[in-house]
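Shown next, in structure tokens, is the structure this report addresses.
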Amino acid sequence: MPDTANQINWIFKEINHIVDDNDPFIVLVSLWLDNLAFFICENPQFDTLLMMCHTNQYIGRQYVITDQFKFYLTQLEQANVSQVIFTKKQLFYIKTCSFLLGSYLVAKPQNYIFTAEEILNHISDQYLNIINIHSHTMASWSKELMICITYLTNLVCICCWWSEETSMPIKTLFSTEQISNDLIQGLIRIVCYEPFHEEIQNEQLHDELSLIEPILKLFLVILQTQNTSYYFRSNIFLPEILLTLAESSSHEKHSLCAYAILGEILTDEKLKDLKFADSMYAFFLNLLEKGWHHPLKRFKRMPVIYLLR
């Protein structure tokens, strides 16, 4: 991490002055910031470092809440997205800046320059349209489109969770019942697309977020803040898909989210009918033990109390 704000500003100003949208310097900076975001995810205590705060202030002001960011979202709203649009600079905006800002906001900073509602106001309409359009055509997605949707969903989810004590951010996303239904059904279609399940069964460490992970987390936020369980219950295949994800994932955080969603949408009788009570019980006991022995009484940034819901 650079030692001064001037050093950080210099890096970003160099990017701003680059004419070639595929310049190698953009790639190097993106890799550095991606690694920084992953580091913050695993070590949230560094979120409060002065240079980390400055970096995310700059990213929010100069990249995310900008017309250029919205221009890139407009490109993603096309039904047939051309590969030409996926330049290194476009991915720097949509993937890298969204990822680092989201990793920073998870710690719920009190004095960030934008509120969760302001961020969602800036991106939510286009995000909703992107999901509505592309959730019918997963088989034709390019790797780059999948990356963009993954990191946008992650940012949207974190904004909703960041200010969960107020309902304004989530209301920004769910302004009408039809919009709520369209988004939930679109995300369910994505989760039910089996080729995407392969990535969470990989035991190797990923250098990318899993698409399924932020969607499952967003489902949890929606279920715990909105009266939307009937949308989820209307899909008769979803419980079986979630159970498969929970039992096949090599990553505990995916299993945790999938089990938690099942607990939200199924009645006690239907949970018993699935006949996985013993495996889920053992799974949660294991997580509780890990969280209890953590210095901050947390598991994967989640306080132990949340595991007892």
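Only the coordinates and a few stated rules stand behind these numbers; no lab work does. Keep in mind that this is a model prediction, so the values were computed, not measured. With ideal geometry, Cβ positions are generated from the backbone for all residues, glycine too; neighbour counts draw on all protein chains shown.
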For the residues TRP141, TRP162, what sequence is obtained by ranking on other C-beta atoms within 10 Å, fewest first?
-> TRP141, TRP162
For region 65-81, Karplus couplings with θ = phi - 60° (6.51, -1.76, 1.60), whole Hz, Gly/Pro x = 8, 9, 5, 5, 4, 5, 4, 5, 5, 4, 4, 6, 7, 6, 5, 10, 7
Taking the Cβ of each residue in GLU198, GLU264 as the centre, tally the other Cβ atoms inside 10 Å and list the residues starting with the fewest.
-> GLU198, GLU264
Given LYS88/LYS171; LYS13/LYS253; LYS95/LYS217; LYS13/LYS171; LYS143/LYS217; LYS217/LYS270, which pairs have Cα atoms separated by over 30 Å?
-> LYS88/LYS171; LYS13/LYS253; LYS13/LYS171
Can you list the HN-Hα couplings for region 170-183, worked out from phi with the Karplus curve (6.51, -1.76, 1.60; θ = phi - 60°), rounded to whole Hz and with x for Gly and Pro?
-> 5, 5, 4, 7, 10, 6, 9, 5, 5, 5, 4, 5, 4, 5
Within region 211-247, list the chymotrypsin sites (Phe, Trp or Tyr not before Pro) lying in a DSSP loop whose Cβ has at most 14 other Cβ atoms in a 10 Å radius.
-> PHE237
How big is the charge dipole of region 65-168 about its Cα centre, in debye rounded to the nearest 20, if each Lys and Arg gets +1 on its Cβ and each Asp and Glu gets -1 on its Cβ?
-> 460 debye
Read phi for every residue in region 216-225 and hand back ³J(HN,Hα) as whole Hz from Karplus 6.51 cos²θ - 1.76 cosθ + 1.60, θ = phi - 60°, with x for Gly and Pro.
-> 4, 5, 5, 4, 4, 4, 4, 5, 8, 10
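Apply the a/c threshold of 1.5 to the C-alpha gyration tensor of region 64-110 and tell me whether it is rounded, prolate or oblate. Please report the intermediate quantities before stating the final value.
Numbers: a/c = 2.69, a/b = 2.28, b/c = 1.18.
Cα axes put region 64-110 in the prolate bin.
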Cα pair distances of region 1-161 binned at 5 Å [whole percent] | 1, 9, 19, 23, 20, 16, 8, 3, 1, 0
